[in-house]
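Chemist: I'd like to ask some things about the structure below.
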Amino acid sequence: MLMLLPLWLAVASAPGQETAAAAPAAAAVSEAPEPSPVEVLRLEAERADALVSTPFVHRFLAATSALPSVAERVVYYERSTRDALTPEQFAKKTPEEQKRYEERRLGEEFYYLTRYGSPLAYARVLDLVCAELGPEGLAGKRLLDFGYGGIGHLKLLSGLGCEAVGVDVDALLSAYYRPEDQGPSLRLVHGAWPAEAAARDAVGGGYDVVLSKNTLKKGYIRPSQEVDPRMLVQLGVTPAAYLAAVAAALKPGGLFAIYNICPAQKEKFIPWAEGRSPFTREELSAAGFEVLAFDAVDDGPVRELAYALKWDEQGMDVEGDTFAWYTLAQRK
């Protein structure tokens with residue numbers, strides 16, 4: 001997970017030679033609390049601030065100071081099907097059905113980082129989008145995040161006057177996040193959009209921005225090599241129908257942004273390393289988009305952000321194993 005590593009301190013001395021002065025000092029160091037996940041995000045934001053250029057994204061990072069602490073929650077997870085239940089849903093299952101689920105206690109770290117890392121990794125794509133939108137950025141705008149993955153960035157956006165909607169098929173997110181996490185300017189939709197009518201109705205339209213980070217990868221949608229279908233993102237519709245749904249969800253002049261951060265490709269093909277757009281330039285044009293940037297390489301900026309988020313201290317080879325591409329299109 002993307003968090004600061006604990007500091008370990010060893011005091012070397014011969015057996016039986018610890019002094020009265022040394023013992024309390026060692027205890028004081030060992031008892032120093034690690035920063036909470038919210039505190040880690042605030043430190044990340046301070047380091048990342050020098051890397052962004054738009055006023056809105058500066059405010060986005062500064063808004064980490066207002067993020068609330070979150071108490072632990074219980075969910076029930078079934079590994080083989082990846083199904084997840086709230087305690088209320090679990091209680092309605094028969095004893096035999098309940099045996100398939102394991103209890104998981106997830107706290108503040110999961111609330112903000114889930115399984116995908118710091119929400120501040122959105123800073124770069126938001127900076128690109130806001131550079132197109134103008135000085136006010138996303139304030140007063142409506143944004144749809146396809147494959148939102150975690151609520152942290154949406155909370156930051158909603159606190160700055162953006163109406164943020166996230167859509168995802170992950171059952172664990174559906175079971176973990178609750179109605180009290182949402183409000184008039186922040187909504188979560190769980191289902192296959194745009195394939196399912198219920199998800200389409202819940203998402204609606206009239207958006208200024210539709211974006212997706214690390215979900216709409218060529219390797220997940222149209223991989224260049226055959227892969228296990230379980231590794232793919234199933235759109236549930238044809239690529240042309242998906243793009244038509246994106247265009248329909250956007251206002252005229254609205255922006256569609258795809259941003260993908262990837263590792264290096266391995267000898268054995270991995271789909272998540274194939275991060276270019278799954279849609280061609282011609283398909284975007286046919287769906288009614290003007291292509292502003294197509295598969296633009298963004299390795300330098302994403303590596304700077306990776307260092308600010310201290311990914312290198314978590315075992316990542318930032319220079320050799322961190323790459324990014326983005327595509328930006330505008331509805332005509």
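The values are calculated or read from the model by the stated rules, or taken from the named source; none is laboratory data. As the structure is a computational prediction, the values presented were derived from the model and not from experiment. Heads up, the Cβs are rebuilt from the backbone with ideal geometry, glycines too, and the neighbour counts pull from every protein chain shown.
Chemist: Can you tell me which residue within region 105-129, out of those that are basic (Lys, Arg) and at pLDDT 95 or above, is farthest from Ala139 (Cα to Cα)?
Modeler: Taking region 105-129 as the starting set, the residues that turn out to be basic (Lys, Arg) are 105, 115, 124.
From what's left, at pLDDT 95 or above: 105, 124.
Working: Arg105: 35, Arg124: 17 Å.
Checked region 105-129; the qualifying residue farthest from Ala139 (Cα to Cα) is Arg105.
Chemist: Sticking with this structure for a sec: Do the conditions hold for Tyr111, that is, is it surrounded by 17 or more Cβ atoms within 10 Å (Cβ to Cβ), of a type outside the set (Val, Ile, Thr) and in a strand (DSSP E or B)?
Modeler: So Tyr111 does not fit the description; no.
Chemist: Another question, if that's okay. If you go through region 258-295, how many residues are touching a residue at least 12 places away in the same chain (Cβ under 8 Å) and assigned to a loop (DSSP other than H, G, I, E, B)? It would help to see each step written out before you state the result.
Modeler: To start, the set of residues in region 258-295 that are touching a residue at least 12 places away in the same chain (Cβ under 8 Å) comprises 258-264, 269-279, 281, 283-284, 286-295.
Still in the running and assigned to a loop (DSSP other than H, G, I, E, B): 263-264, 269-270, 274-279, 287-288.
Qualifying residue count, region 258-295: 12.
Chemist: Okay, moving on. Anything in region 78-125 that is under 28 Å from Leu211 (Cβ atoms) and among the aromatic types (Phe, Trp, Tyr)? List them, or say none.
Modeler: Phe110, Tyr111, Tyr112, Tyr116, Tyr122
Chemist: Please enumerate the residues belonging to region 197-233 that are surrounded by fewer than 16 Cβ atoms within 10 Å (Cβ to Cβ) and over 24 Å from Lys266 (Cβ atoms).
Modeler: Scanning region 197-233 gives Ala197, Ala198, Asp201, Gly204, Gly205, Gly206.
Chemist: Continuing with this model, one more query. Of all residues in region 30-77 being surrounded by 15 or more Cβ atoms within 10 Å (Cβ to Cβ) and among the acidic types (Asp, Glu), which is farthest from Gly107 (Cα to Cα)? Don't jump to the end; show me each part of the working.
Modeler: As a first pass, look at region 30-77 and keep what is surrounded by 15 or more Cβ atoms within 10 Å (Cβ to Cβ): 36-45, 47-49, 51-52, 54, 56-64, 67, 70, 73, 75-77.
So of that shortlist, the ones also among the acidic types (Asp, Glu) come out as 39, 44, 49.
Numbers: Glu39: 14, Glu44: 20, Asp49: 27 Å.
The qualifying residue farthest from Gly107 (Cα to Cα) is Asp49.
Chemist: Those residues that are surrounded by fewer than 20 Cβ atoms within 10 Å (Cβ to Cβ) and either hydrophobic (A, V, I, L, M, F, W, C) or within 19 Å of Ala45 (Cα to Cα) (or both), I need them from region 134-159; list them, please.
Modeler: Ala139, Gly159
Chemist: Just to be sure I understand, how many residues within region 124-159 are assigned to a loop (DSSP other than H, G, I, E, B), under 20 Å from Thr64 (Cα atoms), under 13 Å from the mean Cα position of the chain (by Cα) and of a type outside the set (Val, Ile, Thr)?
Modeler: Residues that pass the stated criteria total 3.
Chemist: Does Val302 qualify as being surrounded by 14 or more Cβ atoms within 10 Å (Cβ to Cβ) and under 28 Å from Ser174 (Cβ atoms)?
Modeler: Working: surrounded by 14 or more Cβ atoms within 10 Å (Cβ to Cβ): yes; under 28 Å from Ser174 (Cβ atoms): no.
No: the conditions fail for Val302.
Chemist: Can you tell me which condition Asp228 does not meet? The list is (1) under 21 Å from Gly150 (Cβ atoms); (2) free of Cβ contacts under 8 Å to residues at least 24 places away in the same chain, and all the others hold.
Modeler: Result: Asp228 passes all but (1).
Chemist: Could you look through region 170-212, keep only residues that are of a type outside the set (A, V, I, L, M, F, W, C) and assigned to a strand (DSSP E or B), and pick out the one that is nearest to Ala71 (Cα to Cα)?
Modeler: Of region 170-212, the ones of a type outside the set (A, V, I, L, M, F, W, C) are 170, 174, 176-185, 187, 190-191, 194, 196, 200-201, 204-208, 212.
Checking the rest, the ones that are also assigned to a strand (DSSP E or B) come to 183, 187, 190, 207-208, 212.
Working: Gly183: 19, Arg187: 20, His190: 23, Tyr207: 32, Asp208: 34, Ser212: 29 Å.
By that ranking, first place goes to Gly183.
Chemist: So, one more: Consider Leu250 carefully, then state whether it is touching a residue at least 40 places away in the same chain (Cβ under 8 Å), surrounded by 21 or more Cβ atoms within 10 Å (Cβ to Cβ) and out of contact with any Lys or Arg (no Cβ under 8 Å at 6 or more places or on another chain). So that I can check it myself, show each step before the final result.
Modeler: Numbers: touching a residue at least 40 places away in the same chain (Cβ under 8 Å): yes; surrounded by 21 or more Cβ atoms within 10 Å (Cβ to Cβ): yes; out of contact with any Lys or Arg (no Cβ under 8 Å at 6 or more places or on another chain): no.
No, not satisfied.
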